[in-house]
Amino acid sequence: MTLLEVQDLRTWFAKEEGEVRAVDGVSFHVGEGEAVGLVGESGCGKTVTALSIAGLVPDPPGHIHGSSSIRLRGTELVGLPERRLRRFRGKEVAMVFQDPMSSLNPVRTVGSQISEVVRLHGRLGAREAKRRTVQLLREVEIPDPDTRYREYPHQLSGGMRQRVMIAMALSCEPSLLVADEPTTALDVTIQAQLLELLSGLRRERKMGLLLITHDLAVVAELCDRVVVMYAGKVVETGRVKDVFSQPAHPYTRGLLGSLPRIGSGRRRLAPIVGGVPDPAGWPSGCRFHPRCPHAWGRCSAELPSLRRRGGRAHGEEWTVRCWLEEEPLEPTPDVGKGP
Amino acid sequence: MRPVPERPVDLGHDAEEPAREELLAVRDLRKHFSSRRRFLERRPDPVRAVDGVSFTLRRGETLGLVGESGCGKSTTARAILRLVEPTGGQIRYDGEDVTDMSASALRRFRRRAQMVFQDPEGSLNPRMRVGDALLEVLQVHRLHPGRSARRRRVGELLELVGLLPEHGRRYPHQLSGGQRQRVGIARALSVEPELLVLDEPVSALDVSVQAQILNLLHDLQQELQLTYLLISHDLAVVEQASHRVAVMYLGRIVEVAEAYQVYQAAKHPYTRALLSAIPRIETAGARGRKVLLVGDTPSPIRPPRGCPFHPRCTDSRKDGECGWRVPALEPQLDGGRVACLKVGGDSRSRT
């Protein structure tokens, strides 16, 4: 069964300068136990997508359109009454952010903060909750968990704090973990430790993972599939090994060409021209056309749909939003659907 | 002749270059930050941010200085330009001793050596049009006398970094991050320096824009025969831009060599761990060949005794000499230098 199914998600913000269409018709899915990477540059809408799923979009100024659909294990979340929504979501979805310091209470010990969550979700007594908390700290490989239980966030290193956040996220045994740039603020050797931890936890707990990041290489390490976003829309989705070895959308190709890579020596890169567009006013037609080296007449006028790549033996789920892909194929009406 | 392994991608112009002359020589540079003694307390131990760093920079080359946060790479850069006063050691620039310069000599030196920061927003006056900010630098340094000559020069500078004349009429907040970094580079270039110290110049930028700035730096180096000291935490960025690479850990250089040697045959256990920790596109789906380091970087206030890396090192003999002897940066057969007791040095080059 599909764990998470997002269909035509539109999250807009009312700002002084007008309506900002941060997420503008996004569809994708995450299978049970699957790891999906949501990648894109700043302002592409990847974080707003994650916040929409976690129910953390401030309304106002944000608003999720009524026509959008976010289904978790078949239950429609958009339009669900607040109380039911919170109960359901709290059980199934947990979120980890880039900066643990902003989500941890600085004047309470990490142990008391985790056990609070454990008690609320598991309806456990104080002693049982503490035992469970120490066990969680051990599971995220925090050395000497009994001591760490009594420490405050500032006494921990950045990597340890992020482990605490992951322990807290695991406490309600979610079926989906949404992680927004979980390793971006960390040094590369600490990042490697956390990626190892996340990949192990996912396997052991058979937990779905939606990883939001700007770092394509982190997606390559951790994810089964990738969803590439540009200017509030999905431009390409597919298995990581397909998309990263033969990217089909010019933007995906541009991103991969821009990336300096270990082992390729001193060289010039092949960047994308121009800068990322402003969410307050997306370009017409295909939103990538002003920066696209292959743009032609149709690109600036009409928005291409997300089509399944056909005629190639590349699996079922490789979709691309580009006029260059235009082939005698029927468009896929249900692009976000699982197999 | 030492054996030179083939490089995967060569820029061509590197091959026929003659042996380069030394522009900057840093010897045993130290910068300790001490906090004030509080009433009735023992004076706290200083933070040994830079603790004996030595390297040379040759004219026209790019030396990449990499390391994780707190390793002292940025402090090294600032101490070289004397933006912070070094605690000890020697800095020679083109034969002159920087540590010992008079105020006027220092001013002349800073025209020859300029710094580019990570966040140009923090170093640009938000209430000044960027063109005027460039103009001001020319006025202060009494370059290109005459109003119209200076205006022309500002136009040239903008063009040099890939901006249009109208960008000069904008305020910093009206520019994108990439455009602001271009202005930061133009400002550094306005005094016609030989050396640019680039401190994380692309870390705050999106990938597609980062590549544009890296290419710009590439082109400017060739066009203006610039020498770069590139500070970055990103090993891929450093490889893409550098001729030679120095790896820092806890205030010291642990390995310095030609870039291809570092990336293809790193000798120091820390360099090897660092390289294996980087997530890579090419290994999609294939994990598990990592050298995972245990624990966090120790504090530079009380660095470990002996080799600063030994508590996290997978190769160290924990109770052996790694725990008490500080390894020196020993020359290697292939021309690089490594500070590791297990690697040792090339006995023939030892005196």
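The values are calculated or read from the model by the stated rules, or taken from the named source; none is laboratory data. All values reported here derive from a predicted model rather than from experimental measurement. Cβ atoms come from the backbone with ideal geometry, glycine included; neighbour counts cover every protein chain shown. We work out accessible area using only protein heavy atoms, side chains counted, and drop any ligands, DNA or RNA first. Shrake-Rupley method; radii C 1.70, N 1.55, O 1.52, S 1.80 Å.
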Entries in B:73/B:267; A:46/A:91; A:46/A:130; A:241/B:73 that, when Cα-Cα distance is taken, lie over 26 Å: A:46/A:130; A:241/B:73
Please compute the average number of Cβ atoms from other chains found within 10 Å of each residue's Cβ in peptide B:211-222. 3
Leaving out ligands and nucleic acids, note down the accessible area per residue over chain B with a 1.4 angstrom probe, in whole Å². 47 Å²
Can you tell me which aspartates and glutamates have their Cα less than 19 Å from the Cα of residue B:31? Leave out same-chain residues fewer than eight positions away. B:45, B:51, B:68, B:85, B:97, B:100, B:199
With only helices counted (DSSP H, runs n ≥ 4, each -39500 (n - 2.57)), the per-residue ellipticity at 222 nm for chain A, to the nearest 500, works out to -9500 deg cm²/dmol
Roughly to the nearest percent, how much of the accessible area of the protein assembly as shown is carbon and sulfur, given a 1.4 Å probe? 49 percent
Peptide B:241-247: average number of partner chain Cβ atoms within 10 Å per residue? 1
Can you work out ³J(HN,Hα) from phi for every residue in region A:132-146, in order, using Karplus 6.51 cos²θ - 1.76 cosθ + 1.60 and θ = phi - 60°, giving whole Hz and x for Gly and Pro? 5, 5, 4, 5, 5, 4, 5, 5, 8, 6, 8, x, 6, x, 5
Cut-off 13 Å, label point 7 angstrom out along Cα-to-Cβ of residue A:135: give me the residues of region A:146-174 whose amide nitrogen falls inside. A:171-173
Sorted by mean Cβ packing within 10 Å, highest first, what order do the peptides B:213-221, A:206-214 take? A:206-214, B:213-221
Based on alpha-carbon centroids, what's the gap between region B:217-277 and region B:118-171 in Å, whole number please? 31 Å
Taking the Cα centre of each part, how many Å lie between region A:120-185 and region A:259-289? 37 Å
Could you work out how far helix A:158-170 tilts from the main Cα principal axis of chain A, as a 0 to 90 degree angle to the nearest 10? 90 degrees
Starting from the amide H of residue A:22, placed 1.01 Å from N in the peptide plane, find each other amide H under 5 Å away whose residue is 5 or more places distant or on another chain. A:13
Using the Kirkwood radius over C-alpha pairs as Rh, can you work out the diffusion coefficient of chain A via Stokes-Einstein at 10 °C, viscosity 1.306 mPa s, in µm² per second? 75 µm²/s
Please compute, for the alpha-carbon atoms of the protein assembly as shown, the extent along each of the three principal axes and give them in descending order in Å. 73, 66, 55
Could you list the residues of region A:199-213 with an amide nitrogen less than 18 Å from a label point located 7 Å from the Cα of residue A:91 in the Cα-to-C-beta direction? A:207-208
Amide H neighbours of residue B:197 at under 5 Å, excluding residues fewer than 5 places away on the same chain, with H built from the backbone geometry, are B:114, B:115, B:116, B:229
Heavy-atom accessible surface, probe 1.4 Å, ligands and DNA/RNA ignored: which residues of region A:199-228 lose at least 50 Å² versus the isolated chain? A:220, A:221
Using modelled amide H (1.01 Å from N, peptide plane; none on Pro or chain starts), what sits under 5 Å from the amide H of residue A:235, excluding residues fewer than 5 places away? A:228, A:229, A:230
Quick one: Karplus J couplings for region B:29-38, per residue in order, coefficients 6.51, -1.76, 1.60, θ = phi - 60°, nearest Hz, x for Gly and Pro? 5, 10, 9, 10, 9, 10, 8, 6, 6, 8
Could you quote the convex hull projected area for region B:83-136, Cα atoms only and averaged over all directions, in nm²? 5.2 nm²
Average accessible surface area per residue within region A:104-241, 1.4 Å rolling probe, Å²: 36 Å²
Inter-part distance where region B:302-316 and region A:31-98 are each reduced to a Cα centre, Å: 45 Å
Counting only Cα atoms, I'd like the Rg/Rh figure for chain B, Kirkwood definition for Rh. 0.99
Could you report the buried accessible area between B and A, both sides summed, computed with a 1.4 Å probe and given in Å² to the nearest 100? 4100 Å²
Using θ = phi - 60° and the Karplus curve 6.51 cos²θ - 1.76 cosθ + 1.60, what whole-Hz ³J(HN,Hα) does each residue of region A:278-289 get, with Gly and Pro shown as x? 7, x, 6, x, 5, x, 6, x, 5, 5, 8, 4
q = 0.12, 0.18 Å⁻¹: log10 I(q)/I(0) that the Debye formula gives for region A:1-105, counting C-alpha atoms only: -0.42, -0.96
